[in-house]
1. What trypsin sites (Lys or Arg not before Pro) does the range 127-186 have in DSSP loop regions with at most 14 other beta carbons within 10 Å?
2. Please work out, to two decimal places, the log10 of the ratio I(q)/I(0) at q = 0.12, 0.14, 0.24, 0.27 Å⁻¹ from a Debye calculation in which every Cα of the range 1-72 carries one identical scatterer.
3. Using the C-alpha gyration tensor of the range 75-116, what are the square roots of 5 times its eigenvalues, in whole angstrom, with the largest one first?
4. If you take the charge dipole of the range 34-75 about its Cα centre, with +1 on Lys and Arg Cβ and -1 on Asp and Glu Cβ, which of Gln66, Gln35, Tyr53 is farthest toward its positive end?
5. In the range 57-171, what percent of the accessible surface is made up of carbon and sulfur (1.4 Å probe, ligands and nucleic acids excluded)?
6. As a quick test, which of the pairs Lys112/Lys177; Lys72/Lys188; Lys125/Lys190; Lys108/Lys177; Lys92/Lys125 have an alpha carbon distance above 21 angstrom in this structure?
7. Rounded to the nearest 10 degrees, what's the angle between the helix 95-104 long axis and the longest principal axis of the chain, both from Cα atoms, 0 to 90?
8. Please say if the range 90-193 is rounded, prolate or oblate, where rounded means a/c under 1.5 for a ≥ b ≥ c the square roots of the C-alpha gyration tensor eigenvalues, and otherwise the choice is prolate for a/b larger than b/c and oblate otherwise?
Amino acid sequence: MQFPFIYLIVFCLLVILFLGWYIQRTKQRKKFLEQEHKYDQALLEVHAIETEYYISLLRDKQEETQKLLSQKENEIRKLADEKAQLCNVIFKETSIYKTIERLSRQDKTKNKQDLRILLENEQKKLRSTIMEIYKDYIEYLHQTYPKYTEDDCLFSCLSICGLDDFTIALCFGNVNKQIVAQRRHRIKLKVAN
């Protein structure tokens, strides 16, 4: 009878050993999985830091590119302004400009009916002269603002010449400078849309 009892004790010891081994193995596996999880988490953190670094580099590059683009746009504007000034010099040497200059010196307080304006043939000469001298600027205006009419371009060219509203009105065959304010308002609406 002792014999089966010994088997029972050996069996219990084996079960206890197996349970101990199984618990130890489970703890080791859990510890390994925790370490693996920590390693994966550390890799993700490193990856996140690398990603933030690359994003930062890209932002810096974008800012640098934006600054360079802004500088180039400023240079282009400067060149366009210089070119416009050269066009102004050329325009001021024409006979039609000298006519406009004489008209601008009229006494504005006189009766409006006594004021001289550009006649139709003079207006045609003004248009053709402006279209020839400022053709690059007019082309730029048409590309940038497709809704601009020929009169809008003429007005813009006369404005960059530094002519006052009264003189520009005379160029359009009118003595009332209010038409210049109206045209300026219409042009602003075209630019806004």
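The values are calculated or read from the model by the stated rules, or taken from the named source; none is laboratory data. Quantities reported herein were computed from a predicted structural model and do not represent experimental measurements. Positions of Cβ are backbone-derived with ideal geometry, glycine not excepted, and every protein chain shown enters the neighbour counts. SASA here: full protein model, heavy atoms, side chains in, ligands and nucleic acids out. Shrake-Rupley method; radii C 1.70, N 1.55, O 1.52, S 1.80 Å.
1. Details: sites: Arg127, Lys135, Lys147, Lys177, Arg183, Arg184, Arg186; in loops: Lys147, Lys177.
Filter output for the range 127-186: Lys147.
2. For the range 1-72, the Cα-only Debye profile gives -0.64, -0.71, -0.98, -1.05.
3. Values: eigenvalues 204, 29, 7 Å².
Largest first, the range 75-116 gives 32, 12, 6 Å.
4. Result: Gln66, furthest along the dipole toward the positive end.
5. On the way: 4010 of 7820 Å².
The value for the range 57-171 is 51 percent carbon and sulfur by accessible area.
6. Values: Lys112/Lys177 11 Å; Lys72/Lys188 26 Å; Lys125/Lys190 27 Å; Lys108/Lys177 11 Å; Lys92/Lys125 14 Å.
Among Lys112/Lys177; Lys72/Lys188; Lys125/Lys190; Lys108/Lys177; Lys92/Lys125, the Cα-Cα distance tops 21 Å for Lys72/Lys188; Lys125/Lys190.
7. The angle comes out near 80 degrees.
8. Details: a/c = 2.35, a/b = 1.38, b/c = 1.70.
Taking the square roots of the gyration eigenvalues as a ≥ b ≥ c, the range 90-193 is oblate.
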